[in-house]
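A short reminder: the numbers here are calculations on the coordinates, not readings from a lab. Computed from a predicted model, the values in this text were never measured in an experiment. Neighbour counts run over all protein chains shown; Cβ positions are idealised from the backbone, glycine included.
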């Protein structure tokens, strides 16, 4: 009898850990992979069907980033005040509505509104779910953040399979069905968040007791933010232009596509692995290794613009990009008191969002006017090298205990 009761208790304890993490993976799948990254897959068919110009299509992508940039700090303050679960649910309401509008609309103003909703929804859901789960499982914070972020890789793979299938099966207007499917999955993520995310809310007494030092006065947070800005600048440039670099270098579209899929597949398993590594050996060491390998991986196609060179690039980045994300977000959460973790992760993500604006623009200018793809990715490698220097400084600061 007691053995059965113990087994039942163990099962409940396991579900209490597994279900929130699986829900977090579903949230990142919707808010990052579907709401932000999948747009590039749907865009060619959407643009052709609606008769959009390339400038209009590019502006739609910018609107998502604007919504994210303007509200990411608001989302962190809201999560710290009323709880991360409420912020996540609000964000998923916005993404669901945005997907529905995209699936039904043809007018540009409505499309702009829908993309703005996606950006705002991502701001309210992504960083709050990361800080909520990390705070709920502090002993395995790195592993939890890594597993949660692995939902992004799952989302990229599923979107890469879904969009071509719909287009081949139902014709060039089937891009609307892709947005509709995303809306259904977003609604499912909302329901899962309501049911399974931890109901954590900072009490008024705890909020008053927590030190209210502005984030910009915290040297660790500022360094972490600058480093995250470096990652945002270089990663978005890589995702935007490396595929085109591979095609220009003579790689077939099919082979280049498989290389991109390889990155997504590897990131699914690499994200939780880096979380365990950072828990075991420390955040600074994991971060230094990840950035060093990313610097080498980014520079490989510049030195070796062939199929083996690009293969090694995607292999290295697939194994290590998630290490940077996981370590940076974990270090941000651990650089402040627990009550301020949502604000800290939102603050450093603000740098990342700004980097996403700067990266593609600078890379595009270098490609057009300063020597092409090799120049752009040489510059990207140099920026990553600067990030390594910042990581060294951050590792030194991390030796100083929190006060």
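Reported to two decimal places, what Rg/Rh ratio describes the stretch 210-403 when computed on Cα atoms with Rh from the Kirkwood expression?
Working: Rg = 17.2 Å, Rh = 17.1 Å.
Ratio of gyration radius to Kirkwood radius for the stretch 210-403: 1.00.
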Taking a crude spin-label model, label points 7 Å out from Cα along the C-beta direction, the residue 292 to residue 358 distance in nm is 2.5 nm
Relative to the present Cα-Cα distance, how much length would full extension add between residue 396 and residue 15 at 0.36 nm per residue of separation? 133.3 nm
Rounded, prolate or oblate: which fits the stretch 102-182 when a ≥ b ≥ c are the square roots of the eigenvalues of the alpha-carbon gyration tensor, with rounded for a/c under 1.5 and prolate only if a/b beats b/c? oblate
Give me the Kirkwood hydrodynamic radius of the stretch 10-201, using the inverse of the mean 1/r over all pairs of distinct Cα atoms, in Å to one decimal. 16.7 Å
Arrange 23, 378, 239 by Cβ neighbour counts within 10 Å, fewest through most, would you? 378, 239, 23
In nm, to one decimal, how far is the residue 337 label point from the residue 161 one, both placed 7 Å along Cα→Cβ? 4.7 nm
When the helix-only estimate is applied to the chain (DSSP H runs of n ≥ 4, each -39,500 (n - 2.57), divided by the residue count), what is the mean residue ellipticity at 222 nm, nearest 500 deg cm²/dmol? -29500 deg cm²/dmol
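If you take the beta carbon distance between residue 306 and residue 37 as r and set R0 to 35 Å, what does 1/(1 + (r/R0)^6) give as a FRET efficiency, to the nearest 0.05? All intermediate terms of the calculation are to be shown ahead of the outcome.
On the way: r = 27 Å, r/R0 = 0.77.
Computed FRET efficiency for residue 306 and residue 37: 0.85.
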Apply the Debye scattering formula to the chain, with a single equal point scatterer on each alpha-carbon and no solvent, then give log10 I(q)/I(0) at q = 0.10 Å⁻¹. -0.64
In nm, what is the difference between 0.36 nm times the number of residues separating residue 244 and residue 48 and their Cα-Cα distance? 68.6 nm
Return the distance in nm (one decimal) between the two label points of a simple spin-label model at residue 108 and residue 369, each offset 7 Å from Cα along Cα→Cβ. 2.5 nm
Does anything in the stretch 318-340 have its amide N under 20 Å from the 7 Å Cα→Cβ label point of residue 255, and if so which residues? 318
Stretch gain in nm, segment residue 188-residue 219, where the contour uses 0.36 nm per residue and the Cα spacing is subtracted: 7.2 nm
